[in-house]
Amino acid sequence: MTEGARRSPGDLFVVLNEIDQSHIDYRKGISGQCRIMHYDRDFNPKGELRTGEEGMLVGLLYNPNDRRLYATNPQLNSLLACDPSGAQEWRPLAGGYLPRRRYGNMALAGNGDIVIGVHSLYGAAVEDEHSDGKLIRFNPQAEAVRFFDVEIDGGRGGRHCVSNLALAADDATVYYVSEAGRRVCRYDTGARRQLADFLAFGDGGEAMRTYGLGLLPGGEVLMACGSGAVLLSPSGDIARTYDAPFDSGWTRAQPALDGKHFYLSNFLHGLLQRRNIATGEVTAALNTGLKCSLLSLAECPPAP
């Protein structure tokens with residue numbers, strides 16, 4: 001592994017797994033070298049990081065409290081952390097104070113807690129059948145951990161759990177979905193109670209499915225829906241639809257730190273866009289040329 005590039009505010013770390021493009025078999029599963037690309041704010045490459053694992057990195061989080069990247073590889077029940085500007089020594093977290101799970105995406109709370117979901121149950125090291133819950137909140141400094149037994153949608157095929165999530169401004173309420181599901185669920189980690197669904201789609205058609213989502217300060221929800229993305233009002237109504245060049249594969253919508261833009265990514269075609277939230281205008285784009293490789297991203301915050 002090479003020495004990490006210097007980080008600057010607005011830099012992006014993008015999960016771009018190294019998948020053999022000549023042989024992608026959806027039925028047997030997709031796997032390759034776990035890789036994270038480092039770009040500046042204009043999508044110019046600055047370097048890469050490799051965890052040394054095979055599989056598929058799914059979740060990625062930059063934590064400004066300890067200046068580490070946290071990455072999840074559910075195929076290996078793996079949760080790792082490293083300083084991307086140092087020697088890139090990845091520290092395994094799962095298997096110690098945290099159980100081994102098929103962890104997926106993460107969100108950072110204001111007090112330094114990380115909220116993380118169990119991505120799916122298929123092929124997992126079940127141990128105690130996940131009786132301690134599919135939503136987990138932990139603090140990497142204190143090594144404190146809490147588990148929450150939440151309702152799940154199941155998504156397409158019924159095997160997905162908390163595959164994508166976002167944390168509300170109260171730092172307690174988690175909005176979460178099962179991949180390609182029909183419900184946007186909510187859970188209050190402070191009160192330890194399931195809340196009413198934020199949104200539930202009908203059963204007809206394939207146009208609206210639940211994928212990666214993010215919360216705006218006013219309570220609006222940005223969500224990828226397979227065919228593009230939507231902006232949902234705080235009451236769950238569709239306020240805006242964002243059309244996209246492909247009619248499938250849009251799986252992540254993540255607000256940018258500037259509060260004016262969001263990132264929309266296509267897993268099937270390897271395309272990443274930065275868009276204006278208000279107008280939908282594409283202000284920057286990265287075509288990776290890689291299918292089934294592009295998943296999560298993490299943005300470096302402004303200097304304090």
Least to most buried among Ser8, Ser78, Ser163, Ser227 (fewest other Cβ within 10 Å first): Ser8, Ser227, Ser78, Ser163
According to the square roots a ≥ b ≥ c of the eigenvalues of the Cα gyration tensor, what is the shape class of segment 171-304, taking rounded for a/c under 1.5, prolate for a/b larger than b/c otherwise, and oblate for the remainder? oblate
Non-local residues with an amide H under 5 Å from the amide H of Leu232, with H modelled 1.01 Å from N and Pro and chain starts lacking one, are Val221, Leu222, Met223, Ala239
Most mobile of Ser235, Ser178, Ser22 per a Gaussian network model of the chain (Cα springs, under 10 Å)? Ser22
Going by the alpha-carbon gyration tensor, a ≥ b ≥ c the square roots of its eigenvalues, is segment 14-156 rounded (a/c under 1.5) or, if a/c is not under 1.5, prolate (a/b greater than b/c) versus oblate? oblate
Footprinting proxy, Met106, Met223, Met208: sorted fewest to most Cβ within 10 Å, the residues are Met208, Met106, Met223
Exposure-ranked with fewest Cβ neighbours within 10 Å first, Phe198, Phe262 stand as Phe198, Phe262
Can you work out ³J(HN,Hα) from phi for every residue in segment 78-87, in order, using Karplus 6.51 cos²θ - 1.76 cosθ + 1.60 and θ = phi - 60°, giving whole Hz and x for Gly and Pro? 10, 10, 10, 9, 7, 8, x, 9, x, 7
In whole Hz, with x marking every Gly and Pro, tabulate ³J(HN,Hα) for segment 216-231 from phi via Karplus 6.51 cos²θ - 1.76 cosθ + 1.60, θ = phi - 60°. 9, x, x, x, 6, 10, 9, 8, 6, 10, x, 8, x, 8, 9, 10
Could you compute the net charge surrounding Gly236? Neighbours are other residues with a C-beta less than 14 Å from the C-beta of Gly236; K and R count +1, D and E count -1. +1
Of Val162, Val177, Val150, which is the most mobile in a GNM of the chain whose springs link Cα atoms less than 10 angstrom apart? Val150
GNM flexibility winner over the chain from Lys291, Lys260, Lys28 (Cα, springs under 10 Å): Lys28
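Taking the Cβ of Ser120 as the centre, find all other residues whose Cβ is under 9 Å away and add up their charges (Lys, Arg: +1; Asp, Glu: -1).
+1
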Looking at (i) 0.92; (ii) 1.28; (iii) 1.18, which value of Cα Rg over 2.2 N^0.38 Å comes from a calculation on the structure shown? (i)
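The numbers here are math on the coordinates, done by the rules we state, and not lab data. Source: prediction; values computed, not measured. In this analysis, Cβ positions are derived from the backbone assuming ideal geometry, glycine residues included, and neighbour counts consider all displayed protein chains.
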